[in-house]
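Every read-out reported here was derived from the displayed coordinates using simple, explicitly stated rules and does not represent laboratory data. The shown structure was predicted, so the numbers you read here are calculated from the model rather than taken from an experiment. All Cβ positions, glycine included, derive from the backbone under ideal geometry; neighbour counts span all protein chains shown.
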Amino acid sequence: MHSQALPGFRDFFPDETTLRNRIFTVWRDVAARYGFEEYDGPPLEPLELYTQKSGEEIVSQLYAFEDKGGRAVALRPEMTPTLARMVAQRARALKKPIRWFTMPQLFRYERQQRGRLREHFQLNMDLIGEAGPLADAELIAAAVDVVRAFGLTAADFRVRISDRRVAQALLAAHGLTGPQIVAAYAQIDKLDRDPPEDLVQNLMRTASLEEHAAARVLAVGDIRSIDALRAAVSDASIDPDTVSPLLECIEALASMGLADYVAIDMSVVRGLAYYTGIVFELFDARRTMRAICGGGRYDGLLEALGGIDLPATGFGMGDVVLGELVRERGQASEVTGAVDLFLVAVTSEDVPAVLGLAHELRDAGRRVEYALKAQSVAKQLKLASARAASQAVLIGPDERARREALVRDLATGEERRMALSRLVESPSRPADR
RNA sequence: GUGGCUGUAGCUCAAUCGGUUAGAGCGCCGGACUGUGGCUCCGGAGGUUGCGGGUUCAAUUCCCGUCAGCCACCCCA
């Protein structure tokens, strides 16, 4: 292993590039189905774009350096600041709601683990200018449809949905104030990973709470159904208007037929402080992997970043965890070779004819390969099947004399003679594709 | 950034207690097969045992360091 890519960076071999392209294709297809337009920005940005509003943590994990002009720059770790800048430039001219998506390569300098590298591609879909819950439902549905497009079902993945406003109201109803609420989020976020006793102890310490109070606060994170949510809201005498967006969002997803995929889960916190409303995560049903996708409503952020006060909601879905999931449980992609036709020169005198035919076929859009040196017919056919070509086209002295070719179907072994002119004119796709 | 585990051929893995020339399967190349592929059989190439140091008559094996991968913490765009 003399040399390899930098830690956390990937070489994409053809197999892996095929999977990556498949992911990109699905991302674009699904985004198009939802009427989203693609945009992009620079991979290198001024460092201050991230130091202004992002947390210390993000800044410490930036790939940052000084360029030759003495500018402090950074590889983009996220797309939202760029999006905010771009939207701000044309906010007045853009018809709302704005539906934009992008698939940037993002960079973060941190220790890599499975499902988490220093570089990845991420589908970002954002809906800007609409504060209502149908906007949130729209994005959640799009995220679900991306994963469904790989043949995965509710047996493979789920969406957990929460709402910052509801969580905040419930915690406030327990008497918690600013810093205590932050501390409570930190522990609630760990509910599915750590023993509850530990979390209660942590919470008693970090939020200065009595044991029974800490336990009741943690119970907010255990709300996993609409009924449990209604009960908790009723017990805490919370304004029904606070809860209605979340309920409407869930109902909207049910109307779309996606009820099997979604569930309320008040333990979904999402790390970022800027989320202000409905938040959600997609995760694999066996919970053996990291979240596939995370997002939520971030009203207020665009004003902070770009000076334009528009409500917004969006999500990011990385190619790494999604790729693992698809590889593990997704529909196998159809195995297709890189070529349709493999041309075989029976003798070395037939090579010029093969070259001529190959180029005619390529001009006609066919995917064609032939041996690059004189080889036995057996050898050439061996290469043809290794390439998964659908047909081999044999040109020998006999064929040349009659201006025809012997076309062999490599799957069935059937052979038939065909005039060269017909071969070039035949459909650019073989019958089986 | 902190801690734990792991590192042998392109891939997946062997190699007895520290002991002779580090093996196998798959893959790759060639041959059986100069007008017919997949299958089969035969042969071949491919290794600084991650790297550096130490202990020892002797290190893939034990020790230290380092790099990389995995896992946990941190954090999660």
_Candidates A:Val217, A:Val393, A:Val166, ranked by Gaussian network fluctuation over chain A, Cα under 10 Å, top entry_ = A:Val393
*Most mobile listed residue (A:Arg297, A:Arg193, A:Arg99) in chain A, GNM with C-alpha springs under 10 Å*: A:Arg193
*Give the relative contact order (percent, whole number) for chain A; include only Cα pairs under 8 Å separated by 6+ residues.*
15 percent
*Would you calculate the separation in nanometres between label points at A:Arg193 and A:Ala32, each defined as 7 Å from the Cα along the Cα-to-beta-carbon direction?*
3.9 nm
*Specify whether the C-alpha gyration tensor of the stretch A:1-53 places it in the rounded, prolate or oblate class, a ≥ b ≥ c being the square roots of the eigenvalues: rounded for a/c under 1.5, otherwise prolate if a/b is larger than b/c and oblate if not.*
oblate
*Please work out the FRET efficiency for the pair A:Val59 and A:Ser376, using the Cβ-Cβ distance as r and a Förster radius of 51 Å; give the result to the nearest 0.05.*
0.20
_Once you order the gyration tensor axes a ≥ b ≥ c over the Cα atoms, which shape class does the stretch A:128-221 get: rounded for a/c under 1.5, otherwise prolate or oblate by comparing a/b with b/c?_
oblate
*Return the percentage of antiparallel bridges among DSSP beta bridges fully within chain A, rounded to the nearest 5 %.*
80 percent
*Using a 10 Å cut-off on Cβ atoms, rank the peptides A:149-159, A:129-139 from the highest mean neighbour count down.*
A:129-139, A:149-159
*Thinking of chain A as a set of Cα atoms, what percent of all their pairs are more than 38 Å apart?*
40 percent
_Need one word for the stretch A:341-425: rounded, prolate or oblate. Basis is the Cα gyration tensor (sqrt eigenvalues a ≥ b ≥ c); a/c below 1.5 gives rounded, then a/b vs b/c decides._
rounded
*Could you work out how far helix A:240-255 tilts from the main Cα principal axis of chain A, as a 0 to 90 degree angle to the nearest 10?*
20 degrees
*Calculate how many DSSP beta bridges within the stretch A:341-425 are antiparallel, expressed in % of all such bridges and rounded to the nearest 5.*
55 percent
_Using only DSSP helix segments of four residues or longer, with each worth -39500 (n - 2.57), what per-residue ellipticity at 222 nm results for chain A after dividing by its residue count and rounding to 500?_
-12000 deg cm²/dmol
